Amino acid sequence: MTLLEKIKQPLFWSNFVKVAIPFFILVTLISLFMNSWQEIFAGDFAKVNEINFAGDKWKTFWGLKIVISTFYGIWVTNKKMK
């Protein structure tokens with residue numbers, strides 16, 4: 001079955017959500033800890049905001065994670081579904 005045939009099935013999207021959302025959360029947490037682990041453990045969340053989200057940084061921060069999680073979810077779901 002091709003990818004185009006699989007994405008028409010509701011089961012594909014149910015499985016996609018089961019893969020993509022946990023992956024998105026994991027990638028977000030890893031990214032936050034890598035970028036500003038000292039500030040997180042110090043409780044300086046204003047600095048975490050400044051480093052990761054201030055100005056237009058939030059677009060890059062969330063956009064990249066959404067795109068990566070979407071492609072990963074589709075790839076894994078396509079690979080695992082018969």
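Bear in mind that the values in this text are calculations on the coordinates, not laboratory data. Nothing here was measured: the structure is a model prediction, and the numbers come from that model. Cβ sites come from the backbone with ideal geometry, for glycine too, and all protein chains shown count toward neighbours.
Data overview
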{"quantity": "Summed residue charge, Cβ within 14 Å of F71's Cβ, Lys/Arg positive, Asp/Glu negative", "calculated": "+2"}
{"quantity": "Lys pairs under 13 Å by Cα in the chain, provided they are eight or more residues apart or on distinct chains", "calculated": "5"}
{"quantity": "Estimated dipole of the chain in Debye, rounded to 20 [Cβ of Lys and Arg +1, of Asp and Glu -1, Cα centre]", "calculated": "560 debye"}
{"quantity": "For segment 46-51, Karplus couplings with θ = phi - 60° (6.51, -1.76, 1.60), whole Hz, Gly/Pro x", "calculated": "5, 5, 4, 4, 5, 5"}
{"quantity": "Lys/Arg +1, Asp/Glu -1 at C-beta; segment 8-80 dipole; positive extreme among N35, I68, Q9", "calculated": "Q9"}
{"quantity": "D_trans [Stokes-Einstein, Kirkwood Rh over alpha-carbon pairs] for segment 42-82, 10 °C, 1.306 mPa s, µm² s⁻¹", "calculated": "131 µm²/s"}
{"quantity": "Semi-axis lengths (Å, descending) of the ellipsoid that matches the C-alpha gyration tensor of the chain", "calculated": "34, 12, 8"}
{"quantity": "Mean Cα-pair separation over length for the chain, i.e. relative contact order, pairs under 8 Å, 6 or more apart, %", "calculated": "49 percent"}
{"quantity": "Footprinting exposure proxy for D56, D44 (fewest neighbouring C-beta atoms within 10 Å first)", "calculated": "D56, D44"}
{"quantity": "Full-extension gain in nm, K59 to Q9, via 0.36 nm per residue minus C-alpha separation", "calculated": "14.9 nm"}
{"quantity": "Charge context of A54, other residues only, Cβ under 15 angstrom, K/R +1, D/E -1", "calculated": "-1"}
{"quantity": "Order of L32, L4, L64 - criterion: other Cβ atoms within 10 Å of each residue's Cβ, fewest first", "calculated": "L4, L64, L32"}
{"quantity": "Neighbour-count order for E50, E39, fewest beta carbons within 10 angstrom listed first", "calculated": "E50, E39"}
